[in-house]
Amino acid sequence: MRNNPYLVALASLFALLQAPLTSHAADENKLEVFSWWTSGGEAAALDALFSVYKKQNAGAEIINATVTGGGGFAARSVLQTRLVGGSPPDTWQSHPGWELLGQYVEPGYCEPITDLYKSNGWDRAFPKELVVDLMTKDRQIYAVLAGIHRGNVLWYNTKLLEKNGIKVGDTITYDQFFAACDKLKAAGIPALGVGDSQVWASAELFENTLLGVVGPKGWTDLFSGAMQWDDPKVKEAIKLFGKMQDFVNPDHSALSWDQAMKALMEGKVAFSSMGDWADGEFLKANLKEKEDFGWVSHPGTAGSFIIVADGFTLAKGAPHKEAALAWLKSIGSKEAQEAFNRLKGSIPARTDVDRSKFDAYHQWSMDSFAKDKPVASCVHGEAAPAAFQQALNDAVTTFLVDKDIDHFANALVQAARQSPSAK
Ligand code: GAL
């Protein structure tokens with residue numbers, strides 16, 4: 001019977017009919033995820049998201065499209081080219097606020113995912129102010145948050161500080177910080193580790209310092225136009241930022257942000273002011289909280305929480321739409337939020353996760369998020385349009401060379417004039 005020509009022909013016909021179906025089905029299982037998560041901690045956390053997604057979606061296959069470079073500056077231009085060229089990844093990493101709404105939703109690159117919020121009860125699980133204020137346009141929601149980073153954290157090498165007789169309390173003032181810097185300088189140690197081979201890392205140090213001087217109310221006023229960028233307080237912040245440069249590691253411009261964190265771990269520098277993706281690097285290196293590294297709010301910023309949130313989108317014309325929807329659903333699940341954020345340093349965006357699964361740093365950040373004043377990051381694209389974000393980076397680059405406070409402030413005044421926000 002095996003050689004029956006009729007049956008053989010029927011079998012080949014059947015196989016022929018099956019082939020396109022099978023390969024279509026296999027393709028349906030694919031999903032391209034675009035991000036810039038390539039540092040040790042970032043990659044480990046992304047992997048945790050992938051694992052949960054694969055566990056929840058048997059047979060799923062991921063195309064991990066990453067473009068190296070902290071803060072996503074390199075990634076965003078690659079993404080832009082793909083979006084303009086009509087070949088989007090299924091889903092990509094985006095900060096909420098201006099970046100999401102201005103760069104992706106407004107030009108029509110995203111599909112709304114409002115239905116996912118309804119069908120999964122997310123209306124109650126995620127912080128309303130973030131979803132409504134920073135991810136919604138015309139009553140449609142465009143992203144789901146994987147986690148929320150705190151930008152204004154000053155990290156330190158515990159043993160190095162102890163060795164140099166420096167104690168850091170629950171908060172730190174600029175005077176205390178500079179006293180520690182002087183002490184370390186006298187011992188031949190660059191106090192402040194910066195890795196600004198991409199300038200955003202220095203812009204972040206400035207952003208944190210600015211918040212430390214103007215406070216959360218001043219921050220809101222600056223970005224709403226109620227306070228000007230050449231206000232004496234802004235100039236005071238620029239001055240402090242300039243003073244910090246005396247204590248920065250000499251090789252800062254050759255290092256990436258994560259290499260600067262490594263220098264801190266190795267005791268080559270004592271402090272680093274960096275969003276808590278830095279915590280992901282400590283975790284990856286198996287360092288112990290408090291024993292090996294510690295943290296405090298960047299000077300003057302206790303009581304405020306600079307939000308650097310990471311969301312994922314659904315591309316309009318996504319090549320694998322069903323898989324992309326399953327991915328977004330997975331990111332929003334408790335399981336994924338717990339697995340990812342434990343490794344990333346951020347806190348879950350969902351407010352109903354099991355807190356006991358998180359370490360001391362995360363507990364600290366969750367408490368801060370619950371009680372402190374939230375402000376949106378400019379360096380990470382939330383508080384102002386891309387042009388202003390770029391102008392800030394440029395002003396920082398120039399200032400690092402000319403150290404001209406007025407020049408810095410005036411550049412921002414000019415940029416704000418041309419910006420639909422940040423007036
Ligand atoms: C931020 C992003 C974080 C972290 C950081 C450094 O923009 O929100 O998740 O990856 O860049 O790359």
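The values are calculated or read from the model by the stated rules, or taken from the named source; none is laboratory data. The structure presented is a predicted model; accordingly, all values stated were derived computationally and were not measured. A quick note on method: Cβ atoms are made from the backbone with ideal geometry, for glycine too, and the neighbour counts reach across all protein chains shown. Note: accessible area is taken over every heavy atom of the protein model, side chains too, but ligands, DNA and RNA are not part of it. Shrake-Rupley method; radii C 1.70, N 1.55, O 1.52, S 1.80 Å.
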Problem - Qualifying positions in region 296-342 - in a helix (DSSP H, G or I), within 16 Å of the ligand (Cβ to nearest atom) and of a type in the set (A, V, I, L, M) - result: I331, A336, A339
Fill in the blank from the handout: Of the residues in region 198-226, those that are closer than 15 Å to V379 by Cα and in a loop (DSSP other than H, G, I, E, B) number 2
Practice task
Residue by residue through region 330-349, note down the ones that are of a type in the set (K, R) and farther than 26 Å from W98 by Cβ.
Solution key: K334, R342
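Which residues, taken from region 242-295, are farther than 17 Å from A201 by Cα and not in a loop (DSSP other than H, G, I, E, B)?
M265, F282, L283, K284, E289, F293, G294, W295
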Practice task
Would you please list the contacts, defined by Cβ atoms under 7 Å and residues six or more apart or on different chains, that run from a residue in region 156-168 that is more than 21 Å from A302 (Cα to Cα) to a residue that is part of a helix (DSSP H, G or I)?
Solution key: N164/K183; N164/L184
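Looking at E42, E106, E129, E111, can you tell me which residue is buried (at least 17 other Cβ atoms within 10 Å of the Cβ) and either free of Cβ contacts under 8 Å to residues at least 60 places away in the same chain or more than 14 Å from the chain's Cα centre (by Cα) (or both)?
Every option except E111 fails the conditions.
Taking region 158-201 as the search range and keeping residues that are within 16 Å of the ligand (Cβ to nearest atom) and of a type in the set (V, I, T), which one is surrounded by the fewest Cβ atoms within 10 Å (Cβ to Cβ)?
Out of the qualifying residues, it is V199.
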Completion exercise
Restricting attention to region 343-361, the residues that are within 15 Å of the ligand (Cβ to nearest atom) and either open to solvent by 10 Å² or more (accessible area, probe 1.4 Å) or closer than 16 Å to P127 by Cβ (or both) number exactly 5
Problem - Positions within region 132-154 being of a type in the set (A, V, I, L, M, F, W, C), under 23 Å from L83 (Cβ atoms) and away from the ligand (no atom under 16 Å from the Cβ), in sequence order - result: I141
Exercise for the section: Have a look at A254, A278 and point out the one that is of a type outside the set (D, E, K, R) and open to solvent by less than 30 Å² (accessible area, probe 1.4 Å). Expected result: A278
Exercise for the section: Within region 54-70, count every residue that is open to solvent by less than 30 Å² (accessible area, probe 1.4 Å), within 30 Å of S256 (Cα to Cα) and more than 15 Å from the chain's Cα centre (by Cα). Expected result: 1
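Quick grid of which residues meet (1) within 14 Å of the ligand (Cβ to nearest atom); (2) within 24 Å of T171 (Cβ to Cβ); (3) not aromatic (F, W, Y):
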site	(1), (2), (3)
F206	no, yes, no
L211	no, yes, yes
V214	no, yes, yes
D230	no, no, yes
N249	no, no, yes
L255	yes, no, yes
M274	yes, yes, yes
L287	no, yes, yes
F293	no, yes, no
